1. For region 261-354, calculate the relative contact order in percent as a whole number, restricting contacts to Cα pairs under 8 Å that are 6 or more residues apart.
2. Mind jotting down a quarter of the surface of the convex hull over the alpha carbons of region 24-175, in square nanometres, one decimal?
3. Full-extension gain between HIS242 and HIS122, please, as 0.36 nm times their residue separation minus the C-alpha to C-alpha distance.
4. Hey, got the dipole for the chain? About the Cα centre, +1 on K and R Cβ, -1 on D and E Cβ, debye to the nearest 20?
5. Please work out the FRET efficiency for the pair ASP80 and GLN346, using the Cβ-Cβ distance as r and a Förster radius of 45 Å; give the result to the nearest 0.05.
6. Accessible area per residue of the chain at 1.4 Å probe, in Å²?
7. Taking a threshold of 25 Å on the Cα-Cα distance, which of the pairs LYS100/LYS338; LYS33/LYS121; LYS100/LYS121; LYS302/LYS326; LYS100/LYS195 fall above it?
8. Hey, what angle do you get for helix 238-247 against the long axis of the chain, alpha-carbon based, 0 to 90 degrees rounded to 10?
Amino acid sequence: MSKSATQRIRYLRTRDGVQLAWAEAGAGPTLIKAANWLTHLEYEWKSPVWRHWIRFFSEHFRFVRHDERGCGMTDWNVGDLSFARWVEDLEALVEVVGSKEPFALLGISQGTATCAAYAVKHAERVSRLVVYGGYAPRTCRRGDPEKDRLYQALIDLTRLGWGKDNPAFRQIFTSRFIPEATNEQVDSFNDLCRKTTSPEIAARLLEARATIDVVELLDKVRVPTLVLHSRNDDVVPISEGHILAARIPGAQFVELDSKNHILLETEPAWERFCGEVLDFMGLKDAVRGEDAAFDSLTTREKEVLTLITQGLGNAEIAQRLSISEKTVRNHVSNLFDKLGVWTRAQAMVFAHDRGFPAR
């Protein structure tokens, strides 16, 4: 993760009293990611498996993500781990994020189902939907008894061996999620899994994931959708991506040449993923720092300028970036001096004419 990048971690309280941890990083159009299998907001930030994902999205968006109930920095001791609660938690997150404009949703793996359910229920709030490695039908309805037995065995194994010091139990998951990983990445993912939740909760989450079934909702999704899937994904077969793309009206489908369920930074498929997402989001030609006029701005000043171009006032910028209004005023004054403008309107025109925000 770049030394200049920062994330801001906060908490919200859900309707049933769970303290849910969420984080945001970057500035620009809002992109909210639904929770996926075993996250930890702090550990992911430096993880060699996840940090390039966070860096990519936070360089181009106001990137918001959260730890689902039972995981990471969110409360672990919760009774309800149902899919319905996951959707309600995403709704609660959206409310505290406070995006005035329609925002994009990102669903990875089972997060796809949560995003689809939210997009159907709140179509007016969602601008675009990006899904990767996703699935919609319930695991035991995939018509493969052998895989059903394997899934149940994984649940049993999780209860028995997840929390042990020996990583062999967790390695079973890691080898399927990132089969082409380096030793460093494997060790990091094993450690992340162990620190993220308890054996019992991990097993319960697996059981809950086996009940996800939103196939009948897919044809009700009315937002532009991009579906990306790795060709040889062993965790979620590419046929699941085909189902999503076929059932969601007008969805675009991209097949990525990879075996990994979590794309690694060094593989060509990751570069293509980034390009396809930027193209879909209308940011294909925007490259951060492309215009030398903005080279003198600090990372924070660029964030402030980005929010100015969105029409936010100083108070709103202060709230968004978790800094004081006085600090915002100082940043605004500095960037005005560096750009040679006198007013916010001039700054907006200057930025627009030079393709800023540079993503």
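The values are calculated or read from the model by the stated rules, or taken from the named source; none is laboratory data. Remember, predicted model here, so these are calculated numbers, not experimental data. Cβ atoms come from the backbone with ideal geometry, glycine included; neighbour counts cover every protein chain shown. The accessibility values were calculated without ligands, DNA or RNA, using every heavy atom of the protein model including side chains. Shrake-Rupley method; radii C 1.70, N 1.55, O 1.52, S 1.80 Å.
1. Reported as a whole number, the value is 23 percent.
2. 10.1 nm²
3. Length gained between HIS242 and HIS122: 40.8 nm.
4. Using Cβ point charges on Lys, Arg, Asp and Glu, the chain gives about 620 debye.
5. 0.30
6. 43 Å²
7. The pairs that break the limit, which is 25 Å between Cα atoms, are LYS100/LYS338; LYS100/LYS195.
8. Tilt of helix 238-247: around 60 degrees.
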